[in-house]
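Below is one structure, written out as structure tokens; the observations come after it.
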Amino acid sequence: MIRVVIVEDEGSSAETLKEFIDKYCKKASLAYEVKIYENPVSFLDAYRVDFDVIFLDILMPDMDGIRVAHKIRESDSEVPIIFVTNMRQFAIKGYEVGALDFIVKPVTYYGFEIAFRRALRDLERNKEAQLTVSVKGGVKRVNISDIRYVEVSKHRLIYHTVGEDIETNGNLKDVYSYLYDFGFRRCNHCYIINMRYVTEVLESSIMVGPESEELQVSRSKKKDFMAELLKYWGGVR
């Protein structure tokens, strides 16, 4: 069962999104349910961690979508958030809270389908994707979606995750080969970054995670890294 939420104060826009969700899920034979919240405060009061995909309007009374997304991320770092807006300039602010994608009003089925398919793909990939890490006294299973970046320091690997830093033995090249298909890219010889946590790109560094941790990007890798990042972000539709 896929649980989709629409947070949208405009009734016509909410109904259009619901029609598109109905069409897509019925065509794909997916079990689903859709909840619509016209008020963002009511949505936050009713928030459940088992929501699977959130379509979130940006310009709403009482609380704008960016603030709502920040509130969501305080308790849920993984749920795909797709912003719906008629103002493209909000794109950068949206990526700061880990938005999966943007679709621009008036919403077309084509734009919706691309974003929704991407959200479902991420859901499926992240359900069981884990990494086994050797730790002192045993092993530890780590959700790949929780890894912000991996660092090599003094011949040791450090997995910087949402909840903790895990130090272990290993080879960064081997880890990179495994994590590449999960959206990790190399920004210099010390770090591989989970693209979903990149919030900002500066001249020679990037900001990662809600704490805006700054990591250096080497000059030789910046062009390729930026190309991969823009591809991952998917642009604005």
(message) Averaged across orientations, what area in nm² does the convex hull of the alpha carbons in region 129-233 project?
(response) 6.5
(request) Once you have the Cα-Cα distance between residue 121 and residue 33, take 0.36 nm times their residue separation minus that, and quote the gain in nm to one decimal. (result) 29.9 nm
(message) Tell me the angle of helix 11-27 to the major Cα principal axis of the chain, expressed in degrees between 0 and 90 and rounded to the nearest ten.
(response) 70
(message) If I build a Gaussian network model for the chain, linking alpha-carbon pairs within less than 10 angstrom, which residue out of 80, 40, 61 has the largest mean-square fluctuation?
(response) 61
(message) Beyond a 29 Å Cα-Cα separation, which of these cross-linked pairs lie in this structure: 140/221; 136/223; 154/223?
(response) 140/221; 136/223
(message) Give me the net charge for the shell around residue 1: Cβ to Cβ below 11 angstrom, other residues only, Lys and Arg +1, Asp and Glu -1.
(response) -2
(message) Among 202, 179, 44, which one shows the highest mean-square fluctuation when the chain is modelled as a Gaussian network with alpha-carbon springs under 10 Å?
(response) 202
(message) From the helices alone, meaning DSSP H stretches of at least four residues, give me the mean residue ellipticity at 222 nm for the chain, per-run term -39500 (n - 2.57), in deg cm²/dmol to the nearest 500.
(response) -11000 deg cm²/dmol
(message) Taking the number of other C-beta atoms within 10 Å as the exposure measure, put 148, 73 in order starting with the fewest.
(response) 73, 148
(message) Taking the 0 to 90 degree range and rounding to the nearest ten, how far is the long axis of helix 65-75 tilted relative to the main principal axis of the chain, both from C-alpha atoms?
(response) 50
(message) Skipping prolines and chain starts, which residues have an amide H placed within reach, meaning under 5 Å, of the one on residue 130, given they are 5 or more residues away or on another chain?
(response) 144
(request) With θ set to phi - 60°, apply the Karplus curve 6.51 cos²θ - 1.76 cosθ + 1.60 along region 142-149 and write out the HN-Hα couplings as whole Hz, x wherever there is a Gly or Pro. (result) 10, 5, 4, 5, 8, 7, 7, 6
(request) Using R₀ = 30 Å, calculate the FRET efficiency as 1/(1 + (r/R₀)^6) where r is the Cβ-Cβ separation of residue 64 and residue 167; round to 0.05. (result) 0.15
(request) Quick one: grab Rg to one decimal and Dmax as a whole number for the chain, Cα atoms only, in Å. (result) 18.6, 57
(message) Taking the 0 to 90 degree range and rounding to the nearest ten, how far is the long axis of helix 219-233 tilted relative to the main principal axis of the chain, both from C-alpha atoms?
(response) 30
(request) Could you tell me the number of lysine pairs in region 2-127 with C-alpha atoms less than 23 Å from each other, where the two lysines are 8 or more residues apart or belong to different chains? (result) 16
(request) State the three equivalent ellipsoid semi-axes of region 2-127, derived from the C-alpha gyration tensor as the square roots of 5 times its eigenvalues, in descending order and whole Å. (result) 19, 17, 15
(request) Would you pull out the residues with amide H under 5 Å of residue 218's amide H, same chain only if 5 or more places away, H placed 1.01 Å from N? (result) 188
(message) With both bridge residues required to lie in the chain, what share of the DSSP beta bridges run antiparallel, to the nearest 5%?
(response) 60
(message) For a protection proxy built on the mean count of beta-carbon atoms within 10 angstrom, sort 1-10, 15-24, 162-171 highest first, please.
(response) 1-10, 15-24, 162-171
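Any read-out appearing in this document is the output of simple, stated calculations on the displayed coordinates, not a laboratory observation. For clarity, every value in this text was computed on a predicted model and none was experimentally measured. A quick note on method: Cβ atoms are made from the backbone with ideal geometry, for glycine too, and the neighbour counts reach across all protein chains shown.
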